[in-house]
Structures are given as structure tokens and as C-alpha cells.
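To start, the structure itself, in C-alpha cells.
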Amino acid sequence: MRRNLAHHLNGLRFFEAAARHLSFTRAAQELCVTQAAVSHQVRALEEALALQLFERRPRQVLLSPAGARLLAVLSSSFDQMETVLHDLKHQGSSSLQLAVTPSFSSRWLMPRLPQFWDAHPTLDLHLHHTAQADALNRGAADAAIIWTAQSPEKPGRLWAQRLFGTALSPVCAPSLPRADAPLNQPQALRHYPLLHEDSFEDWQRWMQAAGVSDARVQQGPVIDDSNALLMAAMSGRGVALGRLALLADDLQSGRLIRPFDCSIEAEGAYWLIASPATAELPRFKALAAFLQEQAQAQC
């Protein structure tokens, strides 16, 4: 039977992502397109099939019976295609593509990688520095180290291993504290700019833990990159909540100081993720074992 799928392949890819997430917004984020593009492709597929694949409700989409049937076939087919393509791409290869954020790479991974390279001289580890969490979906990498507040593991679709979490504690440049407002107690932070990563919530949690009830934390720059946040702190722009697991060298060298012992646990952790096919490769297993060993040694 002749297969006439050429006109539907893009629509099927968009539908599978939207159906898996039950969200056009999250599908758009995964595919690096707009929500309107996902909606358009799904509508076009529904018109071509003369079927309704979703039940659209206010702020919610559900699969129709036809959509559920199609998703089951697509998920299995895409998984099989991914496995075959991965095997063909890596047949006889000794390389491994790892996506990492620049801050994690420079402050935690790179100081430790020489040990791995010495132990595995024939393994070519290629690092891709990116802040985008969809490196695996885009085929840009075989594996990735990501920061997330929830377990990313999806049985059958994604292999995941937690590496470590971290405590958060105020850090700043040694030149920042002023004589008229020494940082000798948490209440003194009211006299200094607070630097935020992503949101104000971490500083709110830290102030509560430190017993500061009247701090004005919902002000100050919000910087959504860890490296940029720490550079702002090092340049004396304010006090940041630093991830202590990544700051050993900066604190030891004196580039940053930690004025208070009080810390809180970050609402997230670093995870190593890969496709199930990649997770079975001996070279990936060697890397995963090394990273877990280093993570456990740190903890």
C-alpha cells in the first residue's frame, strides 16, 4: 500500500507533542515555535483527517477518542524511529554530545573533567553550552545536564539520574559592605540591593529562615542566568543568593564572600538526562558513573 504521509508529517509531530503534554503552550516550548504555529498545524491535521483530535475547553485541552488512538501509535513509532536513527548515527562512534549550561560547566564540570578524560582517552566528549532545556528534543546533543524542580524522568521516553541539589546563601563582593552598614546580621541586608535569579521567592524564603520579617525583597534586578547573576555580585552591584555547590572556588579565592552562615535548600536539582537508547551506550554509562561519583563525593 502506498503511504501518503508527506503532507501530514509536520502536523503529526506537532500533534504528538501537544497530545503528550495536553498543552499547546508546552508543546510550542518543546518545539521552539509559537503556540499559534502548533494550533495551526493541529487544525490542519484535523481538517485533513476530518476528525476532531482534541476536545478544546477553557484553559484546557483533552484528547478525543480518535486523538488518544493516534497518540498511542505515534508515540511508539517516534520512539522506534529515534532508536534506529540514534543507532545509525552512533554506529562505530566514540563521541558523545553533552549539553550543559555555561554556569554549571565553568563552575562545576570543567574542574572535574580532566579526571574523566585521563580515564577515558579514546572517548570524544563534545560539550554544547546552551541555556535551552530542549537540546535533546532538537537533536543537538545525546545527553544533557539540566536544573529542574521536578523529576524529568519519563519511563520509556527519557532516562534521568539526579546528580545533586544545593543550598542557597547570600554572597557578595568583599568590597560591598560599608562601614556605616556592616553585614554582621541579616537585618543589615535592608541597606543593600538584592540580586534575584528568576524570581523574588528564594530571597523571601531565605529572609524567613533568617528571622527577618520586614525585609523588602520584591525589588532589585532579576537576572535569569547564574553566571550573569554572580558577575553582578562580584562587581559590587548587590547581594545574590548563590548556589553553594558551584561557588567553592569563588569563595576560596575571595572573589565572593559569604557574610552569613544561614542557608536554605534550593527548590531544584541538577539532573543528567538522555534518551533510553543513549543510556545503554557504554560510553554514556562511563560518563554517568563518573558524574554520579563526583556528585556523591561533593555531598
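The values are calculated or read from the model by the stated rules, or taken from the named source; none is laboratory data. Quick caveat: nothing in here was measured; it's all calculated off a predicted structure. Glycine gets a Cβ as well: all are built from the backbone with ideal geometry, and neighbour counts include every protein chain shown.
Summary table below
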{"item": "Selection status of A269, of a type in the set (G, A, S), in contact with a strand residue (DSSP E or B) (Cβ under 9 Å, 6 or more places away or on another chain) and under 18 Å from L113 (Cα atoms)", "result": "no"}
{"item": "Sole exception among (1) surrounded by fewer than 18 Cβ atoms within 10 Å (Cβ to Cβ); (2) modelled with pLDDT of 85 or more; (3) farther than 27 Å from A27 by Cα for A173, by number", "result": "(1)"}
{"item": "Positions within segment 216-268 being farther than 13 Å from W203 by Cβ and among the basic types (K, R), in sequence order", "result": "R237, R243, R255, R258"}
{"item": "Selection count where residues are surrounded by fewer than 18 Cβ atoms within 10 Å (Cβ to Cβ), in contact (Cβ under 8 Å) with a residue 24 or more places away in the chain, small (G, A, S) and within 17 Å of Q185 (Cβ to Cβ), scope segment 206-255", "result": "3"}
{"item": "Only one of L136, L163 that is surrounded by 19 or more Cβ atoms within 10 Å (Cβ to Cβ), at pLDDT 90 or above and touching a strand residue (DSSP E or B) at 6+ places or on another chain (Cβ under 7 Å)", "result": "L163"}
{"item": "Every residue from segment 149-191 that is over 30 Å from the mean Cα position of the chain (by Cα) and part of a loop (DSSP other than H, G, I, E, B)", "result": "P174, S175, L176, P177, A179, D180, P182, L183, N184, Q185"}
{"item": "Within segment 204-299, helices (runs of 4 or more DSSP H) holding 2 or more residues that are of a type in the set (D, E, K, R)", "result": "248-253, 282-298"}
{"item": "Positions within segment 192-203 being among the hydrophobic types (A, V, I, L, M, F, W, C) and in a strand (DSSP E or B), in sequence order", "result": "L194, L195"}
{"item": "Selected residue [surrounded by fewer than 18 Cβ atoms within 10 Å (Cβ to Cβ), more than 29 Å from Q292 (Cβ to Cβ), modelled with pLDDT under 85 and among the polar types (S, T, N, Q)] from S93, S76", "result": "S76"}
